[in-house]
Amino acid sequence: MYHLLSYPIEEQMPAWPDSPQLKVEKKLQISAGDAANTVYFSFYNHTGTHMDAPNHYLENGIQIAQMPLDRFIFESPILLEIPKGPCEKISAADLEPYVEKIKTCDLLMIYTGFAKIRTEDTECFERKGPGIGSDCAAWLVEHGSMLKAVAVDFVSLASYSDQDDGNETHRILFRGKNGRFICGIEDVNMCPVLGKQIKRVIALPLLIRGIDSAPVTVVAETA
């Protein structure tokens, strides 16, 4: 069975505070006598469910459209439920009990439950979200020898409440170790796969050359 884990991009959706929102301008319209419907649209590249590539924080880091196809296909994903509230960080200590699983996974999905307020309390979701602590990022680089990406159910790997530590988290993951970097997949809807055996995850980004990161369509296959 397949499950869509991306949120559709729409106007006024939750995002990093003060991010530009989706704008849609109708061009050709059948209702106006045109032969077809077309639109012009623009949105921030960190809108909705999106993947951060290393160029997001590293000047010479690889951009999203430069990454090889296998970076978007995950054959050994795991999902961990680690409840977190406003402004709380995921620490190395939170992951230590799962070290043996993390050593062999290529996608670590962290469900905190914070997305439950995504539409009910958007301001809290945007400004007081959890984050991946920089100590946790360093632990993942050290122990996640097969890890290609970390997916979270909140707006960013960085908590808006502690941006300095969040910035360092991004840099640590993107620098990686021995040429092996870890991407971030943010604002992922994990509810459809809770309690299910996840066999495979495919996360295909919008391929636009010259940009650091992009919205991504995440599909999970369960047994």
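Flag not set for residue 104, criterion: modelled with pLDDT under 95 and either under 13 Å from residue 144 (Cα atoms) or not basic (Lys, Arg) (or both).
Taking residue 95, is it out of contact with any Phe, Trp or Tyr (no Cβ under 9 Å at 6 or more places or on another chain), assigned to a helix (DSSP H, G or I) and open to solvent by less than 20 Å² (accessible area, probe 1.4 Å)? Spelling it out, it is not the case that residue 95 is out of contact with any Phe, Trp or Tyr (no Cβ under 9 Å at 6 or more places or on another chain), assigned to a helix (DSSP H, G or I) and open to solvent by less than 20 Å² (accessible area, probe 1.4 Å).
Take residue 150 and tell me if it is in a strand (DSSP E or B), under 18 Å from the mean Cα position of the chain (by Cα) and within 18 Å of residue 54 (Cα to Cα). The answer is yes for residue 150.
Residue count for the stretch 153-175 satisfying the condition of being under 13 Å from residue 52 (Cβ atoms), in contact (Cβ under 8 Å) with a residue 60 or more places away in the chain and either open to solvent by less than 40 Å² (accessible area, probe 1.4 Å) or polar (S, T, N, Q) (or both): 6. Of all the criteria given as (1) polar (S, T, N, Q); (2) in contact with an Asp or Glu (Cβ under 6 Å, 6 or more places away or on another chain); (3) modelled with pLDDT under 95, the one not satisfied by residue 76 is (3). Residues in the stretch 204-215 that are surrounded by fewer than 21 Cβ atoms within 10 Å (Cβ to Cβ) and within 22 Å of residue 160 (Cα to Cα): 212, 214.
None of 188, 218, 201 is surrounded by 22 or more Cβ atoms within 10 Å (Cβ to Cβ), touching a Leu at 6+ places or on another chain (Cβ under 6 Å) and assigned to a loop (DSSP other than H, G, I, E, B) except 188.
Beta carbons closer than 7 Å, at least 6 apart along the sequence or on distinct chains, pair a first residue in the stretch 179-208 that is touching a residue at least 12 places away in the same chain (Cβ under 8 Å) with a second that is outside any loop (DSSP other than H, G, I, E, B) and among the acidic types (Asp, Glu) for 183/52; 184/52; 186/52; 199/221; 200/221. Among strands (runs of 3 or more DSSP E) entirely within the stretch 1-89, having at least 2 residues that are under 30 Å from residue 124 (Cα atoms) and open to solvent by less than 70 Å² (accessible area, probe 1.4 Å) singles out 50-52, 77-81.
The values are calculated or read from the model by the stated rules, or taken from the named source; none is laboratory data. A quick note: this is a predicted structure, and the numbers were derived from the prediction, not measured. Ideal geometry is used to build each Cβ from the backbone, glycine not excepted, and the neighbour counts take in all protein chains shown. When the accessible area is computed, the model is the full protein with side chains, heavy atoms only, and any ligands, DNA or RNA have been set aside. Shrake-Rupley method; radii C 1.70, N 1.55, O 1.52, S 1.80 Å.
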